[in-house]
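Down below is the structure, laid out as C-alpha cells.
The values are calculated or read from the model by the stated rules, or taken from the named source; none is laboratory data. The structure presented is a predicted model; accordingly, all values stated were derived computationally and were not measured. Here the Cβ is made from the backbone with ideal geometry for all residues, glycine too, and neighbour counts use every protein chain on show.
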Amino acid sequence: MYNDKFFINGQWVESSTQDYIEVINPANETSVMVLPCGGEQDVNAAVAAAKEAFKSFSRWSKEQRLELLERVLEEYNKRLSDIAQAITSEMGAPTKLSHNAQAASGAGHLVAAIKALKNLDESHSLKKTEVYYEPVGVCALITPWNWPVNQIMCKVAPALAAGCTMVLKPSEEAPLSAILVAEVLEAAGVPAGVFNMVHGTGEGVGAPLSSHPDVDLVSFTGSTRAGTAVMKAAADTIKKVCLELGGKSANILLDDADFERSVKQGVLSCFSNTGQSCNAPTRMLVPETEMERVIAIAEQAAQKVKTGDPQSEETTMGPVVSKRQYERIQMLIQAGIDEGATLVCGGTGKPEGNETGYFVKPTIFANANNQMTIAREEIFGPVLSIIPYKDETDAIEIANDTVYGLSGYVSSSDLERAKSVARQLRTGMVHLNGAPTDVFAPFGGYKQSGNGREWGAEGLKEFLEVKAIMGHNP
C-alpha cells in the first residue's frame, strides 16, 4: 500500500544511502514496513528541485493557486479512509479518532488555506509606494508523529497557497500517512519540484535541511529541545524559522464552573489521542475547597476510558507511539508517586489485558503542586495533574508559572469573567468552557512553546515576505 521511495522533482526515487527506518505498529509491536533513510545528498537534490520550481510556481496567479488547492482537496477526500488507516497503523490512534479528527484535519486545513487565500490582498497602495506580499521561497517542513497529517497539511496547504515550494521531512516514526499525502499532491497535478519529500532522522535529514543555504524558511513542529536545535542550525543563514513546540497547558476551573461537566470534559480532553497533543490540558487547577469533589468526578470520568486495539470501534484510547515514549512516561508517573502527589487512578505498568503494545494506564494525580516534575514537564501521555489554588489571582499565577505558553483553558458560568482570566494567561490560545480548536484561527504559543503562527490567515502570512516598491505613483 505504501511507496517505499522519496518524492523528488515529481518522481519517486531511490535513496542515496543504504540506511533504513523500520515503522513499528505501537499496538502490537510488529513491523509495518521498512523505509529508506535519507541523507544530505537526498536533501540537496530535493532542495535543488524546489529552488528550480520556485522560479515558475512563485509567478502563478492567485486564481491558479486556488484551482490547485481545490484539486488537492478533492483528491485528499478520495483518500481519506486510506489516510486514517495509515495513522492508526503508524501511531496507534483509535479508528474513530483517526478518521473523524486526525485524517479529517488535513481536509480542514486545505479548506482554511483556500479561504485565507481568497481573502488575501496581495498588494496595497500607500501615497507613493506599493506594498506587495510575495512567497518566501523554498520551505523546509519538519513534522511530528502525534498528529502527522494535521501538521503536514497545516504547513503544505498555506505554502501552496502562498506560491512557495517545499521539502517535507515527515516523522520517521509516523511516515505512512505522509506517503499518501505525497500521492494526493501528485494526483492533483502539483507541478514537479513544488512538493518534495525525504524520509529520515533529525540528524540525517532535518539538520541539513535546517542549515541549507537555499532554504528560505524552516517550519518545525516538535519538542522544545529539537526546536532549539533547528533554530541554531538555521541561524548561520539567517533564514525565517517558525516553531510550534511543547506545552503544559493549565485548565482553570473557576469557583462558579459547572464542575460535573468541566471536570469530565477536562479529563477526557487530557486523555484524547493518548495525551499526545502539545495543547492538552494536563494541569487542572481547581479551588482547594473543591478538591475532594473534583477527585471523585475525575476518577469516574477516567473509568469510561477504554484502552485496547485501536482497530476496535469500542476503543477510546490507543497506545503511545513507541517503546521509548512508553518508558519515559513510566518514569514520569513514578516521579509523581515519589514526589508525593495523590495517585487517584492508573499508575505505572500496562493496563490489564494490554500486555503487548505500548499501552499506558490513564493516570490522574491529585493534590499536586506546581513544583512537582509532573506539573513542570511535558509528559506527552495520558497523565493529568490536579492542582489546588486559593483564589483567582493564585490560579492565574500557577497557570503562568511554566516555561511553556501554548494553550490554556478556563471554565466559568460567567463568560465575561472567563474572558478576563483568559486575557491574563501568557499563552497563544485559550479555550473557554471547553470550546474546541478552530481551524480558521491562529495556532501557536508564547515563550518556549515557539514562535510564529499556523492555521488560517495567520498561518498563510508566515509563508509570505513583504516588499515595498517606492515611486510607484508619480
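Take the residues of the range 250-281 that are part of a loop (DSSP other than H, G, I, E, B) and more than 16 Å from the chain's Cα centre (by Cα): which is surrounded by the most Cβ atoms within 10 Å (Cβ to Cβ)? Can you show your working first?
From the range 250-281, those part of a loop (DSSP other than H, G, I, E, B) are 254-258, 276-281; that's our starting set.
Then keep just the ones that are more than 16 Å from the chain's Cα centre (by Cα); that gives 254-258.
Working: LEU254: 20, ASP255: 15, ASP256: 13, ALA257: 22, ASP258: 15.
Residue satisfying both the conditions and the ranking: ALA257.
In the range 29-41, is there at least one residue being within 22 Å of VAL215 (Cα to Cα), buried (at least 19 other Cβ atoms within 10 Å of the Cβ), touching a residue at least 12 places away in the same chain (Cβ under 8 Å) and of a type in the set (A, V, I, L, M)?
No, there is no match, as no residue in the range 29-41 is within 22 Å of VAL215 (Cα to Cα), buried (at least 19 other Cβ atoms within 10 Å of the Cβ), touching a residue at least 12 places away in the same chain (Cβ under 8 Å) and of a type in the set (A, V, I, L, M).
Do we have any residue at all in the range 23-35 that's in contact with a Pro (Cβ under 7 Å, 6 or more places away or on another chain) and either assigned to a loop (DSSP other than H, G, I, E, B) or of a type outside the set (A, V, I, L, M) (or both)?
Taking the range 23-35 as the starting set, the residues that turn out to be in contact with a Pro (Cβ under 7 Å, 6 or more places away or on another chain) are 23, 26-27, 35.
Next cut, either assigned to a loop (DSSP other than H, G, I, E, B) or of a type outside the set (A, V, I, L, M) (or both) only: 26-27.
Checking the range 23-35: at least one residue is in contact with a Pro (Cβ under 7 Å, 6 or more places away or on another chain) and either assigned to a loop (DSSP other than H, G, I, E, B) or of a type outside the set (A, V, I, L, M) (or both).
Tell me, please, whether a residue that is closer than 26 Å to ASN146 by Cα and either in a loop (DSSP other than H, G, I, E, B) or within 23 Å of the chain's Cα centre (by Cα) (or both) can be found in the range 388-400.
Restricting attention to the range 388-400, the residues satisfying the condition of being closer than 26 Å to ASN146 by Cα are 399-400.
Now drop any that are not either in a loop (DSSP other than H, G, I, E, B) or within 23 Å of the chain's Cα centre (by Cα) (or both), which leaves 399-400.
Within the range 388-400, one or more residues are closer than 26 Å to ASN146 by Cα and either in a loop (DSSP other than H, G, I, E, B) or within 23 Å of the chain's Cα centre (by Cα) (or both).
Quick check on the range 350-364. Is at least one of its residues farther than 18 Å from ARG328 by Cα, outside any loop (DSSP other than H, G, I, E, B) and under 26 Å from the mean Cα position of the chain (by Cα)?
no
Could you check ASN77 against (1) crowded, with 19+ Cβ neighbours inside 10 Å; (2) touching a residue at least 24 places away in the same chain (Cβ under 8 Å) and say which number it fails?
Answer for ASN77: the failing condition is (1).
Could you count how many residues in the range 348-362 are in contact with a helix residue (DSSP H, G or I) (Cβ under 9 Å, 6 or more places away or on another chain), surrounded by fewer than 17 Cβ atoms within 10 Å (Cβ to Cβ) and not polar (S, T, N, Q)?
Looking only at that region, the number is 1.
Given GLU52, GLU90, GLU63, which one is assigned by TED's automatic domain parsing to the domain that holds ALA116 and over 30 Å from TYR132 (Cβ atoms)?
That would be GLU90, the only listed residue that is assigned by TED's automatic domain parsing to the domain that holds ALA116 and over 30 Å from TYR132 (Cβ atoms).
Looking at the range 117-126, is at least one residue closer than 30 Å to THR228 by Cβ and either touching a Phe, Trp or Tyr at 6+ places or on another chain (Cβ under 7 Å) or hydrophobic (A, V, I, L, M, F, W, C) (or both)?
Restricting attention to the range 117-126, the residues satisfying the condition of being closer than 30 Å to THR228 by Cβ are none.
The answer is no; no qualifying residue exists.
I'd like the full set of residues that are out of contact with any strand residue (DSSP E or B) (no Cβ under 9 Å at 6 or more places or on another chain) and in a loop (DSSP other than H, G, I, E, B), limited to the range 406-434.
Hits for the range 406-434 are SER413, ASP414, GLN424.
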